[in-house]
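So the structure is just underneath, and the comments pick up after that.
The values are calculated or read from the model by the stated rules, or taken from the named source; none is laboratory data. In this text the structure is predicted, and so the values were computed from the model without any measurement. Because the Cβ atoms are built from the backbone with ideal geometry, glycine has one as well, and the counts that use them run over all protein chains shown. Just the protein is used for accessible areas: all its heavy atoms, side chains included, with ligands, DNA and RNA removed. Shrake-Rupley method; radii C 1.70, N 1.55, O 1.52, S 1.80 Å.
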Amino acid sequence: MGLSKTIWTRPSEFLRIHDSDAPVMFFAPCVLQATARRFLDGFPGLVTYAVKSNPADVVIENLAAAGVRGYDVASPEEIRLIRRIAPEAALHYNNPVRSRAEIAVAVEADVDSYSVDSHSELAKLIEMVPAAGKEISVRFKLPVKGAAYDFGAKFGATVEKAITLLREVAEAGFIPSLTFHPGTQCTDASAWDAYIRTAAQIASEAGVKIARLNVGGGFPSHRLNGVAPQLEAIFALIDRVATEAFGDNRPALVCEPGRGLVADAFTLATRVRGIRDDEHVFLTDGIYGALAELPLIGAIDRMEVRSREGELRIGEGQMRIIFGPTCDSVDRLPGELSLPADMEEGDFVLFHGLGAYSVATNTRFNGFGDLSIVTALSLRG
Ligand SMILES: *Cc1c(COP(=O)(O)O)cnc(C)c1O
């Protein structure tokens with residue numbers, strides 16, 4: 001993936017001279033830093049970044065510059081990435097199942113915190129990680145609600161198991177903590193409410209005073225024109241419920257947003273390859289590229305169409321079925337989306353808010369997906 005060194009004022013300035021079909025990701029560092037400050041100022045605890053949502057060097061560099069001091073990593077590769085770009089940052093290794101070779105890398109890299117959801121994997125950590133000053137956070141789950149899809153299907157101990165795991169963590173001399181991940185794109189703040197209250201019950205029944213409660217990621221980004229993310233309302237709810245649930249035993253709080261931090265800092269520009277018999281629209285990117293997530297969590301309607309000269313198309317909206325470029329028939333965006341009737345072949349279709357789970361999951365399937373990142377001061381216009 002390429003990264004140009006030039007900084008453009010806005011996407012249209014670049015698109016006017018873009019003479020290739022290759023999709024482009026516009027990245028606005030100032031948008032990323034502003035979102036980071038919104039979290040750092042508003043969240044009542046430590047803000048860590050879930051690296052998997054977008055591990056591009058420029059993302060980590062700008063988050064570190066904005067003051068993000070902790071990173072949620074899930075693999076040796078992500079550990080090395082953070083040690084290279086932000087060597088002093090705290091590493092939270094929150095992938096509850098790790099091979100022994102992976103644990104050895106984590107010990108060597110001086111990882112600060114590990115999550116766990118089973119007795120088998122806790123036993124491996126107790127055997128391999130010197131306990132002094134290191135945190136083990138027990139990950140628990142509840143039946144999901146409010147999230148775009150079910151994260152509890154793969155990870156998280158039941159409440160009963162979490163109680164025994166938390167006791168074992170404390171007895172083994174680690175700093176005992178709890179963690180959960182409410183799911184992704186949680187537009188309903190109540191998703192956190194039940195989890196925080198359950199965490200207090202788990203700690204109380206285990207008879208363990210926890211040091212920290214990690215309230216996961218799941219903070220929403222702006223995907224639909226009509227639904228702006230209410231981050232401050234979510235922060236306020238987390239703060240209030242933590243005090244109500246834990247009282248004098250309130251732990252320090254940690255969050256680990258991916259999408260909520262990074263999504264709005266990127267805009268994808270694809271191109272119209274063809275409008276088949278004035279019916280279906282075929283773009284130069286699709287679900288094997290930067291739009292991989294759409295079939296899983298739903299369409300984005302924050303779109304705009306620009307001519308080859310970069311001019312905004314303002315024709316009346318027309319509902320269209322949109323296909324990606326590959327020959328695979330699942331390569332189709334969910335539902336139908338409104339596109340201006342005066343759109344032409346060769347035009348650019350831009351999707352805003354596409355920084356999470358896009359650059360990271362882009363493939364080269366069928367010879368497409370030659371994605372580059374272009375830096376812009378603003379993503380508007
Ligand atoms: C993926 C993941 C996150 C980030 O989720 P977002 O919905 O992108 O905020 C946070 N924590 C854990 C454990 C994850 O697996």
For a quick check, take a GNM of the chain with Cα springs below 10 Å and name the residue from Gly156, Gly355, Gly335 with the largest mean-square fluctuation. Gly335
For a protection proxy built on the mean count of beta-carbon atoms within 10 angstrom, sort 188-195, 241-248, 91-98 highest first, please. 91-98, 188-195, 241-248
As an exercise, use a Förster radius of 22 Å and the Cβ-Cβ distance of Glu160 and Ala123 to find the FRET efficiency, rounded to the nearest 0.05. 0.75
For segment 112-229, treating each Cα as an identical point scatterer without solvent, what Debye log10 I(q)/I(0) comes out at q = 0.12, 0.16 1/Å? -0.44, -0.71
By accessible area (1.4 Å), largest first, Arg100, Arg83, Arg380 order as Arg380, Arg100, Arg83
Comparing Ile322, Ile314, Ile238 in a Gaussian network model of the chain (Cα, 10 Å), the one with the largest mean-square fluctuation is Ile314
At 7 Å along the Cα-to-beta-carbon direction for both Leu142 and Arg332, put a label point, then send me their distance in nm to one decimal. 3.8 nm
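Relative to the present Cα-Cα distance, how much length would full extension add between Ala104 and Ala228 at 0.36 nm per residue of separation?
Working: separation 124, 0.36 × 124 = 44.64 nm, distance 4.26 nm.
So the extension gain works out to 40.4 nm.
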List the lysines whose Cα lies under 22 Å from the Cα of Lys52, skipping any in the same chain that are fewer than 8 positions away. Lys141, Lys154
Relative pair counts by distance (%), Cα atoms of the chain, 20 Å bins: 28, 52, 19, 1
Cα-based helix-to-principal-axis angle, 119-128 vs the chain, degrees rounded to 10: 80 degrees
Residue-span extension gain [Arg197 to Asp57] - 0.36 nm each, minus C-alpha spacing: 46.7 nm
Which value in nm describes the separation of the simple spin-label points at Asp342 and Glu244, placed 7 Å from the Cα toward the beta carbon? 5.3 nm
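Considering only DSSP beta bridges with both partners in the chain, what is the antiparallel share in %, to the nearest 5?
If we restrict to bridges inside the chain, about 40 percent are antiparallel.
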Using a 1.4 Å probe and counting only protein heavy atoms, arrange Cys186, Cys327, Cys30 so the residue with the most accessible area comes first. Cys327, Cys30, Cys186
Please calculate the 1.4 Å probe accessible area of Ser118, with all protein chains present, and give it to the nearest 10 Å². 20 Å²
Dipole of the chain, Cα-centred, from +1 at each Lys and Arg C-beta and -1 at each Asp and Glu C-beta, to the nearest 20 debye? 720 debye
Taking Cα atoms, how many degrees apart are the long axis of helix 76-85 and the longest axis of the chain, rounded to 10 and kept between 0 and 90? 80 degrees
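Mind ordering 256-269, 33-46, 339-352, 53-66 by average Cβ neighbours within 10 Å, highest first?
Averaged packing, sorted descending, gives the order 256-269, 53-66, 339-352, 33-46.
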At 1.4 Å probe size, put Ser329, Ser120 in order of accessible surface, largest to smallest. Ser329, Ser120
Nearest 10 degrees, 0 to 90: helix 190-206 Cα axis against the chain principal axis: 20 degrees
